[in-house]
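This report concerns only the one structure given below.
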């Protein structure tokens, strides 16, 4: 399974999204606002998700906006962090 | 000091809505009971449990709005929507409506889920959503948000005295003039932890079939559900009946039960069974309905609902052996009695509506 698809399944499960499957989420679809419709509490859950599943911390708020923009940006960030380790 | 029961919303193993309670009393619907298996130190043990139906909440709220609500919150919210609908209340001045909910155990699944996440991942990585819902007042808070009600909001936890605490609080708010209406609800949820506890404590000693009036044997079957009452002031046309008293304290069987009809909250637990025995020896009509809703600390809230239905419809059903229906006068009263493990007793009294010509507000 690609990292993008793995992330989609995790997001659906951990954020308890309803009536949506992994294949319904486009890699470049915005996660917040008009896109998937996530909100600020979901953002906190996403930070926890990254730490729990990938041991990656996100502390820079400005950077976080870019990282959490879409599934693709999230996957790219995880790959970049894993390469640095 | 009485107030009127204007509407009832029920979520239980009998289904949703007040009609499901009527159907349960009449025997046309049986409660949904599921069997769960737990691996305990005594070996694999099967536990029966009443399972509530929460289908229908999507009628009031989009499914996406429910995704962060746990099962107990969803049950309480559905019961509240149904109580408002049943009472025909149009929510206008939302600052004049209060919400008081009660639960014996609170949102157990969420509370222990949060503790598990704390143990498994540490305090930095515990789930923020589980944390937010693990506090007991999440129930009433979720309801105030969903119903856009901004009157007083409170959740109480008082184990077997929960129903009493909720109704006494609601009566106080109404008679103190703080609100015009109160959504007063109570209930508990079943979850694997309760199932495991039941399995470990029973050690196979319970029959798995609830027989609340058989006080000599353990017949406790855990249950779940939520019952919400829409309460208003005084004696109102179209209401079910009047809620005239909610008291708690030590019990004197002869002095404390003024009415001929008594509903007891016996639920198959041996530790409380002995407290109910003196009531059975009184020359009164005594019924118990826990076999319809299952064992839970806040369960006697369902007895209050059954009493309200009995007074409105003029019929009291007896469930043991053969189901029978006995008429009850429109102006009669019913005492709903519940004992805690320590022997403290709550009595919630309902009386039929007064004739309009003699009504006193």
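A few comments on the model shown:
- With bins 10 Å wide beginning at 0, the percent of Cα pairs of the stretch B:118-168 falling in each bin runs 21, 36, 28, 14, 0.
- Volume of the convex hull of the stretch B:215-361 (Cα atoms only), normalised per residue: 116 Å³.
- Using every pair of separate Cα atoms, the Kirkwood estimate puts the hydrodynamic radius of the stretch B:1-135 at 17.7 angstrom.
- In this simple spin-label approximation, residue B:116 and residue B:315 carry label points 7 Å from Cα along the Cα→Cβ vector, and these lie 4.4 nm apart.
- Taking the square roots of 5 times each eigenvalue of the Cα gyration tensor of the stretch B:282-332, largest first, gives ellipsoid semi-axes of 19, 14, 10 Å.
- Compactness of chain B is given as radius of gyration and Dmax, 19.7, 66 Å, from Cα positions.
- Remark: the residue B:41-residue B:270 segment gains 80.2 nm on full extension, using 0.36 nm per residue and subtracting the alpha carbon distance.
- Counting every other Cβ atom within 10 Å of each residue's Cβ, B:36, B:220 order from fewest to most as B:36, B:220.
- Ordering B:244, B:228, B:162, B:144 from the fewest to the most neighbouring beta carbons within 10 Å gives B:244, B:144, B:162, B:228.
- The stretch B:198-270: relative contact order as a whole-number percent, Cα under 8 Å and 6+ apart: 46 percent
- Each 10 Å bin from zero up to the one holding the largest Cα-Cα distance in the stretch B:45-106 carries the following percent of pairs: 16, 44, 32, 7, 2, 0.
- Distance distribution P(r), the stretch B:182-293, all Cα-Cα pairs, bin width 5 angstrom from 0: 2, 9, 15, 18, 18, 17, 11, 6, 2, 1, 0 percent.
- The modelled label-to-label distance for the pair residue A:27/residue A:57, using points 7 Å beyond Cα in the direction of Cβ, is 3.0 nm.
- Per residue, the convex hull spanned by the Cα atoms of the stretch A:3-84 measures out at 85 cubic angstrom.
- Using C-alpha pairs under 8 Å with a sequence gap of at least 6, the mean separation divided by the residue count of the stretch A:3-84 gives a relative contact order of 33 percent.
- Length-normalised contact order of the stretch B:3-358 in % [C-alpha pairs under 8 Å, at least 6 apart]: 22 percent
- Once the Cα-Cα distance is subtracted from the 0.36 nm per residue extended length, the residue B:32 to residue B:125 segment shows a gain of 29.7 nm.
- Note on the protein assembly as shown: Rg/Rh from Cα positions, Kirkwood definition for Rh, rounded to two decimals, is 1.04.
- With kT/(6 pi eta Rh) evaluated at 10 °C and eta = 1.306 mPa s, and Rh the Kirkwood radius from Cα pairs, the stretch B:100-220 diffuses with a coefficient of 95 µm²/s according to Stokes-Einstein.
- Once the Cα-Cα distance is subtracted from the 0.36 nm per residue extended length, the residue A:76 to residue A:44 segment shows a gain of 9.6 nm.
- As a rough footprinting exposure proxy, the listed residues B:353, B:250 were ranked by other beta carbons within 10 Å of their own, and the order from fewest upward is B:250, B:353.
None of the figures in this text is laboratory data; all of them are computed from the coordinates on show. All figures in this text were calculated on a predicted structure; none of them were measured in a lab. Don't worry about glycine lacking a Cβ; one is built from the backbone with ideal geometry, like all the others, and counts go over all protein chains shown.
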